[in-house]
Every structure is written in structure tokens, then in C-alpha cells.
Amino acid sequence: MSAIVCAYTFNRWELLTKAIDSLLVQKHRPVEVILCIDHNEELFRVAAEQFMNRDPDIPVVVVQNRYQGRLGSARNTAAEIATGDILAFLDDDASADPSWLAELVAVFRQPDVVAVGGAPLPDFAVDRPSWFPIEFDWIFGCSYEGLPTSLASTRRLIGAAMSVRRAALAEIGGFHSDNHDDMDMCHRLAARWPNLKLMYQPAAVVHHHVPKERLTWKYFTNRCYTVNKGKVGAFQEMGNAASMAAERRFVARTLRAGLLREFNAVRRGELAGAWRSAAMVVGIAAAGSGYVVGSVQLRTSR
């Protein structure tokens, strides 16, 4: 396995250091750790000095993004020089449990598995707001309520803690999107090999930092809107590989199981359940409106 981290800012330096160090103490030792710096010359220089000799047994390769894009192209840069059969991607603001790679590679022993996702759990900088529904932890790039609680097939992996066979990623032309790179990869893999599996392994845990700034109502509604607005263009670029099945399933489950759970919480006297219910409805409405606006803009541009 090759472990890959992409970074772009000094603001996450402490988190980046934790991310790299967490990969160097894995029970399943990676053949290499590749750190790709995204268009930041000073960060590249400092990172090369700090990390390239960090472990005597595991090389830490520090490179610069060779393309004009951002995260997706940075991951492509790293993937193109990786030597492992499997590529494991960890966000620069996440740290992996020592068993993360071992849990992932165990699933790949099934020959019909092409990609495996782990479970990024939120690591909040401050207390979680009582109004924030657990169904919407995807906003932070984290696992959310509704995902399987044990190893199971899935349609989509979470980019903060995912892995894929290197040959398969190369076959589909790498990542085609910067903002929806994980979704794009999963859809293209499923379209290219419908008989192969994408698996979700909740035992493969990483801890994804959630700063205070992301725990506001403004961030919540804006993220629901912009992410789904951006999906319109991403789906268009995927062509026949695109599918809205995961989105439809999320809405159905949230409106059914999520609202019922919060209704019962209110009945027990937990008034925050009413706020979480309202947040679910507003979040789905914001996501839907974002998709509609994105669709209209796409048709207008044509």
C-alpha cells in the first residue's frame, strides 16, 4: 500500500504533522508515504525538510502538484509516482488509527473488491452543536448516520479515508474532478466494472478535524447548497457513469428515520430534537435548491 496525503496551507501544519506521523506507525506498514503539496512553494520546501527523513524504514516522498487543478490533480500527481498496488488517501487534517491500513488491506484480499472506504469520525474543536443532525456529518467529510455499521458494499466512498487499486484508478484516467473527486472516482469505477465492489469498512477509522468555523448555521446551509450545486457539473462530466441513487436514498432515510428519531426525542423532553428536525428539512431544501440552480445554469450556458 502507498499512503497519500495532499496539503496546501500552513494553517494546518500541526494537523498535517499528525497525519503523516499516524501513517508511520501503522500496523500494516505502507511501502511509502507520498505528500503532495498543492501550489505552495514555501510549504513544499518546509515539508521536504521536515518529513523526508522522518522514518528510517518508510520513505516519505514530498512532491509538488504538477497540474493546474487542486485536490483531484494533487492526488493524481501522487498516484502517478506511487509504487504500491493499493493507494490509500488520507486528508491532511485527519489522523489514522494504527489499524487503518490493516483494516483496508484485509478487504482487498477479496479479488472482486476494487475500492475500500474507511470511516472518518469527526474530531470537533469545540462541542458539537445540539442542533446539528448526525445525518449531515458528510458536510465535514465524515461518516454519517445511515451508513452501514459493519463491512458492506456501497456506492460511494468518503475522500478523507478511501483506498483504491492503483491499476483501476489509472484505467479510469485518475481523478477527473477537484471538488467531487471521491464521488467522481466511485461512479467511474462502478460504470467501468459493474461486477466489482466498492466496500465500506467502518472499522477502518480516521479522526477528521472539524474546526469551530464549520459548526455554524451559515456554514451548514451554504455547504448543503454549494455541494449539490457543484454536483450538476460533475455528473454532466461523468456521462453515463453518473447516478443519483445515493442522493435519493439519503433523502428518503433522513426524512423517514431521522425525523422519526427526533420526534421521539422531543416526546421525551429533548427540545433540541425539534431544532435537529428543522435543520434536516432546511438542509435537504438547500441541497435541492442548489441542484436546481446548478441545472438551470448548466442549461443556460448551453
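When each of Arg75, Arg45, Arg54, Arg66 is tested for being of a type outside the set (Val, Ile, Thr), free of Cβ contacts under 8 Å to residues at least 40 places away in the same chain, under 26 Å from Ala168 (Cα atoms) and out of contact with any Asp or Glu (no Cβ under 6 Å at 6 or more places or on another chain), the lone residue that passes is Arg66.
Applying a threshold of 7 Å to beta carbon distances and a minimum spacing of six or more residues, or different chains, the list of pairs starting in the stretch 197-211 at a residue that is of a type in the set (Phe, Trp, Tyr) and ending at one that is in a strand (DSSP E or B) and crowded, with 22+ Cβ neighbours inside 10 Å reads Tyr200/Gly117.
Residues in the stretch 179-224 that are closer than 20 Å to Gly118 by Cα and either among the charged types (D, E, K, R) or assigned to a loop (DSSP other than H, G, I, E, B) (or both): Asn179, His180, Asp181, Asp182, Asp184, Arg188, Leu196, Lys197. Evaluation of Ser150 against the conditions (1) within 27 Å of Trp13 (Cα to Cα); (2) in a loop (DSSP other than H, G, I, E, B); (3) among the hydroxyl-bearing types (Ser, Thr, Tyr) shows that the sole unmet condition is (1).
Could you tell me whether the stretch 131-141 includes any residue that is surrounded by fewer than 17 Cβ atoms within 10 Å (Cβ to Cβ) and not charged (D, E, K, R)? So that I can check it myself, show each step before the final result.
Step one: of the stretch 131-141, the residues surrounded by fewer than 17 Cβ atoms within 10 Å (Cβ to Cβ) are 131, 134.
From what is left, the residues that are not charged (D, E, K, R) are 131, 134.
Checking the stretch 131-141: at least one residue is surrounded by fewer than 17 Cβ atoms within 10 Å (Cβ to Cβ) and not charged (D, E, K, R).
Suppose the filter is outside any strand (DSSP E or B), in the same structural domain as Val206 (by TED's automatic domain parsing) and buried (at least 16 other Cβ atoms within 10 Å of the Cβ); does Arg66 pass it? Break it down stepwise before answering.
Values: outside any strand (DSSP E or B): yes; in the same structural domain as Val206 (by TED's automatic domain parsing): yes; buried (at least 16 other Cβ atoms within 10 Å of the Cβ): no.
Criteria not met by Arg66.
Residues that are surrounded by fewer than 20 Cβ atoms within 10 Å (Cβ to Cβ) and part of a helix (DSSP H, G or I) within the stretch 292-302 comprise Val292, Val293, Ser295, Val296, Gln297, Leu298, Arg299, Thr300, Ser301, listed in sequence order.
In this structure, does Gly141 turn out to be farther than 23 Å from Trp217 by Cα and assigned by TED's automatic domain parsing to the domain that holds Ala79? Let's see the steps before the verdict.
On the way: farther than 23 Å from Trp217 by Cα: no; assigned by TED's automatic domain parsing to the domain that holds Ala79: yes.
No.
Condition check for Val31 on (1) surrounded by 19 or more Cβ atoms within 10 Å (Cβ to Cβ); (2) touching a Gly at 6+ places or on another chain (Cβ under 9 Å): one failure, at (1).
The values are calculated or read from the model by the stated rules, or taken from the named source; none is laboratory data. All figures in this text were calculated on a predicted structure; none of them were measured in a lab. Every residue, glycine among them, receives a Cβ derived from its backbone with ideal geometry; neighbour counts consider all protein chains shown.
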